[in-house]
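Since every read-out is calculated from the coordinates, none of them should be taken as a lab result. A quick note: this is a predicted structure, and the numbers were derived from the prediction, not measured. FYI the Cβ positions are ideal-geometry reconstructions off the backbone, even for glycines, and counts take in every protein chain you see.
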Amino acid sequence: MPWKNNDSDMANYLFLMQTGNETLGDRDLFVLTKITLTGSGLSIVGGLLSIFLVCYVPMRSDGLFAIGNMCIALMSAQLAFAGAENAFPTQVMCKISASIIHYLFLCLHCWALSYSVHLIMKLCRVLPGLRWKRRCILTTIGWVIPIVIVAITAVIDSDSYNGGESLCWLNSHNNARWAFVGPVIFIAVCNGAVMLVMLFVRYLLDKKREVPTGKKVK
C-alpha cells in the first residue's frame, strides 16, 4: 500500500496535481498521507452508500444517472490509487497502473462535468423526451473522453507514463502531467461557470416571482 512508505509521493493526492518534481518534508508528507488515507476511506464508504441509495431510487433522472456513475468512478479511482504503487514492481505493469489511475481520475472529473452538462440541458430543454440520447451524451463525456485523452497521451510519447521503481504516474520531465492537470482545470472552470449561470437564472426566477409593492397595496 502506498501509505506504508512515508517516502512515497504517491501517498497523497497532491502528487497527482503536481506538474514538477517538488519534494515535501517528512512531517508534511506524513500528515498528507494520513489525510489521504482517511479521505480515501470515507470516499469509498460514501460512494458505496450513494450507489445503494441510487439503486433503491428509480433512475428516471439524468442527474441520478450521472451521480451513480460518478460514485462508481470515485470508488474505482480510490481503490486504484490506494494500491497502485507497490502492487506492480515491474516497469511495464507500473506504466499500465499509471494509465489506469489517469483514466479513472479523469472519469471522476468528467462525470462532474457531465452533471453540469445535464443541468444546462435541463435548463435549455435539450432533447426533451429523448432520455437515451441525453444519457448517451453524458456517458460519452464521462467514460469515453477520458479514454481518448489517455490514448493520445500514450501515443504522443511512450514515456508519458513513468515506469520507475517508486512512482507510477505521469512523467514530469516531458510535461505529460498536464494531460491530467489541464483537463481538471478546464472542468473546474466549466463547472464554476455553470454554477454562476444557474445562480443567475435562479435569481431571475425569484425576481419574477416577487409581487410588486404597488400591486400588494391594491
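Long-range amide H contacts for Tyr161: which residues qualify at under 5 Å (H placed 1.01 Å from N, peptide plane, sequence gap of 5 or more or a different chain)?
Amide H neighbours of Tyr161: Asn171.
What is the gain in length, in nm to one decimal, between Val92 and Val148 on full extension, counting 0.36 nm per residue of separation less the C-alpha to C-alpha distance?
18.1 nm
For the residue pair Met17 and Ile137, what label-to-label distance in nm results when each label sits 7 Å from Cα along the Cα-to-beta-carbon direction?
Once both label points are built, they end up 3.0 nm from each other.
Measuring from a point 7 Å past the Cα of Leu48 along Cα-to-C-beta, which residues in segment 68-82 have an amide N at less than 17 Å?
71-82
Read phi for every residue in segment 192-206 and hand back ³J(HN,Hα) as whole Hz from Karplus 6.51 cos²θ - 1.76 cosθ + 1.60, θ = phi - 60°, with x for Gly and Pro.
Working through the residues one at a time gives x, 5, 5, 4, 5, 4, 5, 5, 5, 5, 4, 5, 5, 5, 5 Hz.
Based on the Cβ-Cβ distance from Val155 to Cys190, what FRET efficiency comes out when R0 is 25 Å, to the nearest 0.05?
Step by step, r from the Cβ atoms, then E = 0.50.
Could you calculate the FRET efficiency of Asp26 with Arg60 from 1/(1 + (r/R0)^6), where r is the beta carbon distance between them and R0 is 35 Å, rounded to 0.05? Don't skip to the answer; put the middle values down first.
Numbers: r = 52 Å, r/R0 = 1.47.
My answer for the efficiency is 0.10.
So for the pair Lys207, Leu79, with labels modelled 7 Å out along Cα→Cβ, what separation do we get in nm?
My value for the distance between the label points is 4.9 nm.
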